[in-house]
1. Say whether the condition of being touching a residue at least 12 places away in the same chain (Cβ under 8 Å), among the basic types (K, R) and either over 25 Å from T34 (Cβ atoms) or loosely packed, with under 13 Cβ neighbours inside 10 Å (or both) is met by at least one residue in segment 72-84.
2. Collect the residues in segment 62-117 that are among the hydroxyl-bearing types (S, T, Y) and under 21 Å from G16 (Cα atoms), keeping them in residue-number order.
3. Could you check segment 1-65 for helices (runs of 4 or more DSSP H) lying wholly inside it with 3 or more residues that are of a type in the set (S, T, N, Q)?
4. Which residues, taken from segment 202-236, are under 16 Å from the mean Cα position of the chain (by Cα) and of a type in the set (A, V, I, L, M, F, W, C)?
5. Identify the residue in segment 90-138 that is under 12 Å from the mean Cα position of the chain (by Cα) and under 25 Å from K264 (Cα atoms) and, among all such residues, is surrounded by the fewest Cβ atoms within 10 Å (Cβ to Cβ).
6. Just to verify a result, which residue in segment 74-127, among those that are of a type in the set (K, R) and in a loop (DSSP other than H, G, I, E, B), is nearest to V227 (Cα to Cα)?
7. What helices (runs of 4 or more DSSP H) lie completely within segment 285-373 and have 2 or more residues being modelled with pLDDT under 75?
8. Have a look at Y312, Y307 and point out the one that is aromatic (F, W, Y), within 28 Å of the chain's Cα centre (by Cα) and surrounded by 16 or more Cβ atoms within 10 Å (Cβ to Cβ).
Amino acid sequence: MNDLKPYWVGFNLVRGIGAQRLRALLNAFGDVRTAWHAQPGELMAAGLTSKIVQSLLQVRSSVDLEKVLQRLDKQGVTVLTWEDETYPRLLREIDQPPPVLYVRGEISTADEWAVGVVGTRRVTAYGRQVTEELCAALAGSGVTVVSGLARGVDAIAHQTALRCGGRTIAVLGSGVDRIYPPEHRRLAAQIAESGAVISDYPPGTAPDAANFPPRNRIISGLARAVVVVEAGQVSGALITASFAAEQGRDVFAVPGNINAPQSKGTNDLIRQGARPLLTPQDVLETLNLEMVNEQRSARSALPADAYEAKLYEVLGKEPLHIDEIRLQTNLPIEKVTATLALMELKGMVRQVGGMHYIAVHEEQAEYNSLGGS
């Protein structure tokens with residue numbers, strides 16, 4: 001067991017300490033253990049209010065963190081933190097990613113190709129049909145379906161992915177041991193067997209209306225795109241779409257009858273600039289997700305060579321133009337181009353526009369070394 005993991009969980013139990021405050025503590029103290037044992041005055045100097053410091057002291061004195069970790073292990077709950085290499089890469093990239101994730105099931109590298117599918121609880125027959133067709137196509141293309149386990153569109157999305165033999169992730173607004181709605185407990189168990197049920201709320205956290213809007217940023221953060229199938233003018237699905245847009249994800253909305261309450265939100269999204277989803281192929285083509293299986297094969301089958309190693313020496317988190325890469329590596333431009341194309345296929349580098357590239361491994365390594373800051 002990671003000897004620092006209990007302290008990550010400890011901070012997660014303290015009300016008022018989220019990503020921003022925890023980053024400030026890491027900057028001030030260097031690691032979570034030192035921050036956990038810091039004196040009240042030191043904690044306040046690092047930016048915590050007296051109320052939060054009192055909450056921290058209360059948890060520190062009353063909770064046996066090792067026993068909490070042991071209990072989670074017995075419950076089959078995995079804890080992921082910013083320090084873990086298996087922390088979802090796409091989620092790590094968003095502003096203020098959750099410091100701790102509680103996972104039932106498993107998050108894998110396969111989930112780097114994911115689409116969020118969300119919508120109303122009061123789904124129509126039209127919405128059901130579109131959701132089933134979309135999620136069947138995504139699952140058939142090896143794309144993970146991410147949703148929120150709610151009634152309606154969310155449940156249909158998860159069920160369709162499972163029925164088609166695909167992976168799906170459910171993001172909760174409660175602890176992973178407090179499934180809501182309760183009639184979805186069996187569905188949650190099925191999801192955990194071939195995907196993951198996750199939450200950034202500690203186990204034991206009851207479902208609360210205030211918990212659900214924040215969890216929507218995780219749904220969009222785990223995905224490369226978000227599709228809103230049906231949504232009223234006031235809807236949690238629209239909150240997810242808003243988070244997706246802020247995170248730089250593609251947002252799709254299914255157009256519907258202009259008089260139907262369930263389509264007013266999606267039609268508004270399209271008017272605001274969301275892409276209309278007319279067929280499942282729209283999202284697959286836009287994100288090049290039909291290449292998922294080829295990308296996975298390339299990543300596992302093609303080893304690094306001397307050319308890749310040389311490119312890694314110059315590539316980092318700052319975008320570098322291909323001409324500058326050629327100059328710094330002193331390689332022929334055709335070799336640079338071919339190697340970069342291969343590395344991008346393997347998910348090792350990413351083109352960020354205008355023939356500028358960054359190294360994905362460097363980006364993740366920095367997060368790991370700084371505890372996600």
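The values are calculated or read from the model by the stated rules, or taken from the named source; none is laboratory data. What you see is a predicted model; the values in this text were computed from it and never measured. Here the Cβ positions follow ideal geometry from the backbone for every residue, glycine too, while neighbour counts run over all protein chains shown.
1. No, there is no match, as no residue in segment 72-84 is touching a residue at least 12 places away in the same chain (Cβ under 8 Å), among the basic types (K, R) and either over 25 Å from T34 (Cβ atoms) or loosely packed, with under 13 Cβ neighbours inside 10 Å (or both).
2. Of all residues in segment 62-117, those among the hydroxyl-bearing types (S, T, Y) come to 62, 78, 81, 86-87, 102, 108-109.
Answer for segment 62-117, where residues must be among the hydroxyl-bearing types (S, T, Y) and under 21 Å from G16 (Cα atoms): S62, T81, Y102.
3. Numbers: elements: 5-12, 19-29, 32-36, 40-45, 50-62.
Those helices (runs of 4 or more DSSP H) span 50-62.
4. Our first condition is that a residue be under 16 Å from the mean Cα position of the chain (by Cα); within segment 202-236, this holds for 212-227.
The answer is F212, I218, I219, L222, A223, A225, V226, V227.
5. V115
6. First, pick out the residues of segment 74-127 that are of a type in the set (K, R): 74, 89, 92, 104, 121-122.
Remaining after also requiring in a loop (DSSP other than H, G, I, E, B): 121-122.
Working: R121: 15, R122: 17 Å.
This residue is R121.
7. On the way: elements: 292-301, 306-314, 322-329, 333-345, 360-369.
Per the criteria, 292-301, 360-369.
8. Details: Y307 fails: within 28 Å of the chain's Cα centre (by Cα).
Answer to the check: Y312.
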